[in-house]
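The values are calculated or read from the model by the stated rules, or taken from the named source; none is laboratory data. None of these values were measured; they are calculated from a predicted model. Backbone-built Cβ (ideal geometry, glycine too); neighbour counts: all protein chains shown. These area figures cover heavy atoms from the full protein model, side chains too; ligands, DNA and RNA do not enter into them. Shrake-Rupley method; radii C 1.70, N 1.55, O 1.52, S 1.80 Å.
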Amino acid sequence: MTMTLAAASETGGGSLRRYLKLDAWQLALPLALAFAALFVAPLLLLVGVSFFNDDKITQPGFGSWIKFFGDPFNYKVIGDTLLLGVKTVCTTVLIGYPLALVYIDLPSRLQKVLIFIIVLPLLLSVVVRTFAWIVVLGREGMVNQVLQGIGIISEPLRLLQTELGLVISLTQIEMPLMLLPLISVMSRLDPNLRDASAALGASRWRTLFTVIVPLSMPGLVAGCLLVFASSTTAFISQTVIGGVRLIYLPLLIWQQSLVVYNWPLAAVISLSLVVSVLSVIAALSYMGRRSSGHLHG
Amino acid sequence: MADILLVDDETFLHEIYADFLQLHGHKVVGIAYNPKKVPAPKGWADLLKDPWVSRLGLTGFQTTFGTSSLIELSKQFGGSLTDVEPALVELKKVLPKVAAVGLPAAMPGLFQQGQCDVMYTNTQTVATLKGKGIDVEFVKPESGAIAFYTTMHVAKGTAELANAYKYLDLVVGKEVQEALTKPPYNFIPVNKDVVLPADLPMKSLDEMSKYVEHDWAKINPLRAGWIEKFNKEMAK
């Protein structure tokens, strides 16, 4: 780390550093302090609040933890939340990866157009996008009107307040988070490698799975991490499109903190969400490192 | 939560009804329905029968109107103010047919989109939907509409007591109360000098003394448990 910084300091940044007579750790101090004050300290406070038994936060104890983990219903909620993340990751990969492959082969002018279309949803607030899906998926919404109009169905499909509808809408809402890292990594792929693979007799599918996919793994893993973290915590989408019959951890956190004002229990549920999502993310990162490790070995 | 300071000095509260000290607005809870899609239901129990149940939008105990509606529904099946179990049992039986189960704030949006055509709600929501040109009518259930009040309280030990009283006086005064009856607030006033909006389910505020009122001091300790129960009963 110090060596890389030393190498960097030989270029532009070096003169400023020499002028200010600062070490690397001193330059990183403002951000580190902000991180400690605005992220680490509140997180520790959350951990502290979780170790109280009552909603008035007066009796320390493990009561809230026992209450939450003593109820089998909550294990189902944790499982459903993580499963929702996994399903959304799978659908975004299935649709996003081919789109990224199309992107890298497009001429530069069309690439700009495609990037604009991909980034366009991000220009709208996620709340607006979520409510727009009610209009699309509703009983009298676009999908049902089109399908009934062409005569494929006679009764409207139930898409809103179902997991299918939720995954469909989350796929669109989270798609930019998958596509942007993927495209960023895949654009830097050396096209000679694909040509070399073809020249050596590999079919297009073999080239895809043995050359392109492993090389694009960092972008794919980054996209999966972002989509997973975002979809498991997407409270607005889960409750507005999924409804209250699909119960995930963010809904429980909202109920305990802003409806019932039981802060210790809300802290317990929040920490459970953080730990469970981070565990899956750590596993994904590990798998990503393992699969791309052999490329540079 | 602030401690409540009881108002001793009533001289500035001369304009409001004697029963309604400390109150600054009313809401009335009943049943809203789309008259073009379903006939008018007569009472809470109708919500669980055809043709209403397949167009019903439900919500849980997260808000006042949801809690008080479910209590009234439960009373139709042998429950009481503190026992909502019968309502949950009956709802569970018809759950596969119910059109939508959502967060309280999402219900007007679902109604507007035609996702549900009948729901329990308050007069404020009905007035808001009507104001946007949506087909909706309010029905007072046979067993009685529910009245609840929005209140203002002075925090105990405040340094600004005189100004707090002035603010209370302002809010229950005619000008502010009149403004509160209009969109987007659509409150029912406490000030007797204010003309009631035309589409309210009552001609004068005196009728409200016949409405159902709930003792929230008894409900509040139970609500957290009810919310968890509702989650478990409604979960797919």
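Just reorder B:Phe65, A:Phe39 by solvent-accessible area, largest first, 1.4 Å probe, all chains present.
Sorted descending by solvent-accessible area, the residues read A:Phe39, B:Phe65.
Taking all protein chains in place and a 1.4 Å probe, what share, in percent, of the accessible surface of segment A:72-132 do carbon and sulfur account for?
C and S atoms contribute 81 percent here.
Rounded, prolate or oblate for segment B:165-236? Axes are the square roots of the Cα gyration tensor eigenvalues, ordered a ≥ b ≥ c, and the cut-off for rounded is a/c under 1.5.
Prolate is the answer for segment B:165-236, as a/c is 1.5 or above and a/b outweighs b/c.
Can you compute the helix-only [θ] at 222 nm over chain A? Use -39500 (n - 2.57) per DSSP H run of at least 4 residues, normalise by all residues, nearest 500 deg cm²/dmol.
Rounded to the nearest 500, the figure is -23500 deg cm²/dmol.
Rg and Dmax in Å for segment A:43-106, alpha carbons only: what are they?
Looking at segment A:43-106, its Cα Rg and Dmax stand at 20.6, 63 Å.
Rounded if a/c is under 1.5, else prolate if a/b is larger than b/c, else oblate: which is segment A:146-279, with a ≥ b ≥ c the root eigenvalues of its Cα gyration tensor?
Oblate.
Just which residues of segment A:157-188 lose 20 Å² or more accessible area with every protein chain there, against their chain alone, with the probe set to 1.4 Å?
Hits at the 20 Å² cut-off: A:Arg158, A:Leu160, A:Gln161.
To the nearest 100 Å², how much accessible surface do chains B and A cover up together, summed over both, with a 1.4 Å probe?
It comes to approximately 2500 Å² buried between B and A.
Return the carbon/sulfur percentage of the accessible area of segment A:201-284, one whole number, probe 1.4 Å, all protein chains in place.
For segment A:201-284, the apolar C and S fraction of the accessible surface comes to 74 percent.
With every protein chain kept in the model, how would you rank A:Leu44, A:Leu226 by accessible area, 1.4 Å probe, largest at the top?
Descending order: A:Leu44, A:Leu226.
Whenever you get a sec, compute what percent of the accessible area on segment A:18-63 sits on carbon and sulfur atoms (1.4 Å probe).
Result for segment A:18-63: 76 percent of the exposed heavy-atom area is carbon or sulfur.
Roughly how many Å² of A:Phe209 are accessible to a 1.4 Å probe, to the nearest 10?
Accessible area of A:Phe209: about 130 Å².
If a/c stays under 1.5 just call it rounded; otherwise compare a/b with b/c (prolate if a/b is bigger, oblate if not). Do that for the protein assembly as shown, with a ≥ b ≥ c from the square roots of the Cα gyration tensor eigenvalues.
Here the protein assembly as shown falls in the prolate category.
What range in chain A is the longest one free of trypsin sites (Lys or Arg not before Pro) that are in a loop by DSSP and have at most 12 other Cβ atoms within 10 angstrom?
Counting at most 12 other Cβ atoms within 10 Å as exposed, the longest clean stretch of chain A is A:57-187.
Heads up, I need the accessible area for B:Leu196: 1.4 angstrom probe, whole protein in place, Å², nearest 10.
Estimated to the nearest 10 Å², B:Leu196 gives 40 Å².
Provide the net charge surrounding B:Thr63, with neighbours chosen by a C-beta distance below 14 Å and charges set as Lys +1, Arg +1, Asp -1, Glu -1.
Net of charged neighbours comes to +2.
Per residue, how large is the accessible surface of chain A? Use a 1.4 angstrom probe and give square angstrom.
So chain A comes to 56 Å² accessible per residue, rounded to a whole number.
Tell me, what is the percent relative contact order of chain A, built from C-alpha pairs under 8 Å that lie six or more residues apart?
It rounds to 25 percent for chain A.
Using alpha carbon centroids, what distance separates segment B:24-75 and segment B:113-133, in Å?
11
So for B:Thr151, A:Thr130, what's the accessible-area order with a 1.4 Å probe, most first?
Greatest to least solvent exposure: B:Thr151, A:Thr130.
Tell me, what ³J(HN,Hα) does each residue in segment B:192-203 have, in order and in whole Hz, if you take phi through Karplus 6.51 cos²θ - 1.76 cosθ + 1.60 with θ = phi - 60° and put x for Gly and Pro?
6, 7, 8, 6, 6, x, 5, 8, 7, x, 8, 8
With the other protein chains left in place, how much accessible area per residue, in square angstrom, belongs to segment B:31-162 at a 1.4 angstrom probe? Walk me through the numbers on the way to the answer.
Details: 4930 Å² over 132 residues.
Ligands and nucleic acids excluded, the result is 37 Å² per residue.
Longer than 32 Å from Cα to Cα, which of B:Lys42/B:Lys236; A:Lys76/B:Lys132; A:Lys87/B:Lys97; B:Lys75/B:Lys130; B:Lys210/B:Lys232 are they? Say none if no pair is. Provide the component values of the computation, followed by the final result.
Numbers: B:Lys42/B:Lys236 30 Å; A:Lys76/B:Lys132 40 Å; A:Lys87/B:Lys97 27 Å; B:Lys75/B:Lys130 30 Å; B:Lys210/B:Lys232 35 Å.
Check vs 32 Å cut-off fails for A:Lys76/B:Lys132; B:Lys210/B:Lys232.
Need one value: the accessible area of A:Ile269 in square angstrom, 1.4 angstrom probe, rounded to the nearest 10.
Here the accessible area works out near 0 Å².
Which residues of segment B:79-107 end up with at least 50 Å² less accessible area in the presence of all protein chains than when their chain stands alone, using a 1.4 Å probe?
B:Val101, B:Leu103
All other residues with a Cβ under 13 Å from the Cβ of A:Thr162 taken together, and with Lys, Arg as +1 and Asp, Glu as -1, what is their net charge?
Spelling it out: positives minus negatives among the neighbours equals +4.
May I have the pair-distance distribution P(r) for segment B:90-236, computed from all Cα-Cα distances with 5 Å bins from 0 and rounded to whole percent?
Result, from short to long distances: 1, 7, 12, 15, 17, 17, 14, 8, 5, 2, 1, 0 percent.
Could you grab the relative contact order for chain B? Cα pairs under 8 Å, six or more apart, rounded to a whole percent.
On the way: 368 pairs, mean separation 73.9, N = 236.
That works out to 31 percent.
Using the alpha-carbon centroid of each, what span in Å lies between segment A:237-297 and segment A:59-100?
Between the Cα centre of segment A:237-297 and that of segment A:59-100, the gap is 5 Å.
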